[in-house]
Amino acid sequence: MGLFSFFLKLLKFKPGWNGTPEMFLAMVMEMQSRNNKEFSVREVLHWGEVMQKVIKVNLAPYKDFADLLKNGKPDFSMVEKLRGKMDELNHRRDLKKAIYGENADLGDDDVMKSNAEGAVFARNMVKDLSKYVEFPDDDQKTIDEF
């Protein structure tokens, strides 16, 4: 199963989140950590809001994403599988570049050029997210201030 087909299986059309709220929290925390290695409650809350604009998520029994962040325990099981798939994809790309040169045709491993369903979905999702994602440097909170 490819990385994007794995991700697609977690989503329905609008798309909808098929995992638990705690899995969603872990995914949002992972996205924030890839954007900024330093944990920021403000950024996690922002990512949570943004992701809910492009993905339908049932957060029950939590009243909202802030409640999930404060009272939920992130379930990183899906994120760990996704990391494994990303490592596999990166290894394949590196191997192709090592064998065929830096300008090698990466085929479906090149998310920016592939016409595979998952790659097209990923590009569209990034485009949708780009309408909402902007993280100013000021007004950062730590977990203790939350």
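The set of residues from segment 73-120 being at pLDDT 80 or above, part of a loop (DSSP other than H, G, I, E, B) and either within 18 Å of the chain's Cα centre (by Cα) or closer than 28 Å to PRO21 by Cα (or both) comprises LYS73, PRO74, ASP75, PHE76. Name the pairs: first residue in segment 28-40 and closer than 18 Å to GLN52 by Cβ and among the acidic types (Asp, Glu), second residue open to solvent by less than 40 Å² (accessible area, probe 1.4 Å) and at pLDDT 80 or above, Cβ to Cβ under 8 Å, at least 6 apart or on different chains? Listed by first residue and then by second, the contacts come to GLU30/VAL79. Please determine, by comparing only the residues of segment 52-76 that are in contact (Cβ under 8 Å) with a residue 60 or more places away in the chain and charged (D, E, K, R), which one is most open to solvent (accessible area, probe 1.4 Å). Only one residue tops the list, namely LYS70.
The values are calculated or read from the model by the stated rules, or taken from the named source; none is laboratory data. Since the model is a prediction, treat every value here as computed from it, not as a measurement. As a convention, Cβ positions derive from the backbone with ideal geometry for all residues, glycine included, and neighbour counts pool all protein chains shown. Surface areas here come from the heavy atoms of the whole protein model, side chains and all, with no ligands, DNA or RNA. Shrake-Rupley method; radii C 1.70, N 1.55, O 1.52, S 1.80 Å.
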